[in-house]
1. Taking the condition in a helix (DSSP H, G or I) and at negative phi, does Val16 pass?
2. For the range 19-74: of the residues being among the small types (Gly, Ala, Ser) and over 28 Å from Glu5 (Cβ atoms), which is surrounded by the fewest Cβ atoms within 10 Å (Cβ to Cβ)?
Amino acid sequence: MAGEEKDTITLHLGGVKEFKMTIKPSERKICQMAEDSVNKFWGAWKTRYDGLTSEEVMSRIAFQFARFYIEAKMRNAEVNDALESFEEKLNELLVKVKREE
C-alpha cells in the first residue's frame, strides 16, 4: 500500500555476505527469528561439514528449510482436509437433529 511504513534491516546469515532488506515493522520479529534459525543451522552444520565452502553449507541449509516448508504445507493440507470432513459430518448431524425436533 502507498505510504505504508517500512524498515530496513541488515541480515547476517552464516558466513555469507550480509544484506539489507526492506520490511514492514510488523515483520521484524519473524525476520529476526528466521535469521536466528538459519544461523543455528549454520553453527552446527559448518562444523559438521567442515570441508565444504560457506556457499555449499548454505545451499544445504536452504534445501533443509525448503524441505521443512513443504512438509509443513503438506501437514497443513491434511489438517484442512480433516477439518473440512469434520465440518461436513457436524453439519449432517445438526441437520439430522433439526429434522428430529
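1. No.
2. Result: Gly51.
Throughout, read-outs are computed from the coordinates displayed, never taken from laboratory work. Keep in mind the model is a prediction, meaning the values are calculated, not measured. Glycine gets a Cβ as well: all are built from the backbone with ideal geometry, and neighbour counts include every protein chain shown.
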